[in-house]
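What follows is a set of notes on a single structure, which appears directly below.
The values are calculated or read from the model by the stated rules, or taken from the named source; none is laboratory data. A quick note: this is a predicted structure, and the numbers were derived from the prediction, not measured. For neighbour counting, all protein chains shown are included, and Cβ atoms are generated from backbone atoms with ideal geometry for every residue, glycine included. Just so you know, the surface numbers come from the protein's heavy atoms only, side chains and all, with ligands and any DNA or RNA stripped out. Shrake-Rupley method; radii C 1.70, N 1.55, O 1.52, S 1.80 Å.
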Amino acid sequence: MQLLGRESRPWLSGVISVLAGVAVLLFMTAVPAAKYSAVEWVNAALTYPEKPVLYVRNLVQLSGNWVLERASLNERVERLELKNQALTEALQRAAIKVPAPKESYVRALVTLRYPQDWWQEFRIDKGSRDGVVEKAAVTSEGYLVGRVTRVGSDYAWVELITSSSFLLAAAVDQTRDLGVVNGDDFGHLKLLYIPEERKLKQGMTISTSLMSDLIPPGLPIGTIIDIDENREGYTEMSLSAGAHLTQLYNVEVFTGRGAQK
């Protein structure tokens with residue numbers, strides 16, 4: 001009898017489990033709201049063991065990102081120093097005078113940058129009260145990063161050079177060839193409309209051409225990093241922006257005050 005009882009226990013357990021499952025299914029069908037309540041209860045219960053694991057994972061991820069970002073910044077500083085030296089020599093050879101930042105620029109803080117518009121625009125804490133006007137050049141670390149599109153009394157919005165709607169005449173410092181700088185909304189830059197017979201090379205630098213009183217000529221933009229295929233008699237070139245566009249905290253807005261003196 002004991003042997004029979006032990007053998008029947010799994011069978012009874014299975015029957016009870018099936019009956020319990022059917023009862024739960026019928027109850028959920030009769031009371032739909034109970035299903036959502038049960039799901040919410042289970043989710044709430046699972047958050048307690050899940051929170052410590054997520055916290056540790058995020059902490060490890062942030063620590064790793066900090067180390068990688070630190071190394072990237074050090075490498076970028078070295079590259080910028082070399083670029084700055086090369087640009088200074090190029091500007092001196094071309095006899096281009098860039099307005100002094102202290103006299104012609106107003107310093108501003110980046111106060112808002114939407115994730116969905118990360119490569120299109122950002123807001124700064126300076127506006128018309130500080131002399132900021134529409135279409136004025138905006139720089140960071142001496143490199144052009146965009147231009148003002150909308151101005152309030154104490155704020156302004158800046159369109160990034162990586163925006164697909166950004167079009168700006170630019171010149172190759174070493175050859176004085178003229179082209180148009182344009183973005184793609186994803187952080188990439190192109191130099192367009194260079195005649196295919198022009199033999200430009202990687203490493204050549206790009207600066208602003210004479211556009212208006214609000215975008216002075218000779219502002220460094222970036223460097224040619226790749227020569228793309230020819231299209232309809234013109235060559236497109238990929239550029240590397242001189243400024244660190246992923247980390248814009250402080251910028252300078254050109255006002256022209258110093259240049260007009």
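Amide H neighbours of residue 242 under 5 Å, counting only residues 5+ apart in sequence or on other chains, H built in-plane at 1.01 Å?
It is 222, 223, by chain and number.
Could you tell me the calculated FRET efficiency between residue 212 and residue 125, based on Cβ-Cβ distance and R0 = 30 angstrom, to the nearest 0.05? It would help to have the intermediate numbers written out before the result.
Numbers: r = 24 Å, r/R0 = 0.81.
Efficiency for this residue pair is about 0.80.
What list of ³J(HN,Hα) couplings, whole Hz, do you get for region 162-172 from phi and the Karplus terms 6.51, -1.76, 1.60, once you set θ to phi - 60° and write x for glycine and proline?
8, 6, 5, 8, 7, 10, 8, 5, 9, 10, 7
Hand me the chymotrypsin sites (Phe, Trp or Tyr not before Pro) from region 195-261 located in a DSSP loop with no more than 12 other Cβ atoms within 10 Å, in residue order please. Let's see the in-between values first.
Details: sites: 234, 249, 254; in loops: 249.
Those satisfying the criteria are 249.
Residues with amide H under 5 Å of residue 235's amide H, sequence separation 5 or more or different chain, H placed in the peptide plane at 1.01 Å from N; which?
Hits under the 5 Å cutoff: 193, 194, 196.
Going by amide H atoms built from the backbone, whose H comes under 5 Å of the H on residue 161, apart from near neighbours?
Correct list: 146.
Please state the relative contact order of region 145-261 as a whole percent: Cα pairs under 8 Å, 6+ residues apart?
Working: 230 pairs, mean separation 22.1, N = 117.
After rounding, I find 19 percent.
What is the sum of charges around residue 235, taking Lys and Arg as +1, Asp and Glu as -1, for the other residues whose C-beta is under 13 Å from the C-beta of residue 235?
Numbers: positive: 190, 198, 199, 201, 231; negative: 177, 196, 197, 226, 228, 229, 232, 236.
Once positives and negatives cancel, what remains is -3.
At a threshold of 8 angstrom on Cα-Cα distance, excluding pairs fewer than six apart, so keeping six or more, what relative contact order does region 165-205 reach in percent?
Working: 49 pairs, mean separation 14.0, N = 41.
Once normalised by length, the contact order is 34 percent.
Rounded to the nearest percent, how much of the accessible area of region 140-191 (1.4 Å probe, protein heavy atoms only) is carbon and sulfur?
Numbers: 1050 of 1920 Å².
Percent of accessible area from carbon and sulfur atoms in region 140-191: 55.
Ordered by residue, what ³J(HN,Hα) values in Hz, to whole numbers, does region 194-205 give under the Karplus form 6.51 cos²θ - 1.76 cosθ + 1.60, where θ = phi - 60° and Gly and Pro are x?
Each residue's phi maps through the Karplus curve to give 8, x, 5, 6, 6, 9, 7, 10, 5, x, 5, 9 Hz.
What list of ³J(HN,Hα) values in whole Hz, one per residue of region 148-159 in order, does the Karplus curve 6.51 cos²θ - 1.76 cosθ + 1.60 (θ = phi - 60°) give from phi, with Gly and Pro shown as x?
Per-residue couplings from phi come out as 6, 10, 9, 10, x, 5, 10, 7, 7, 10, 10, 8 Hz.
Between residue 72 and residue 29, how high is the FRET efficiency from 1/(1 + (r/R0)^6) when r is the Cβ-Cβ distance and R₀ = 41 Å? Nearest 0.05. Could you put the intermediate results ahead of the total?
On the way: r = 57 Å, r/R0 = 1.38.
Given R0 = 41 Å and the Cβ-Cβ separation, E is 0.15.
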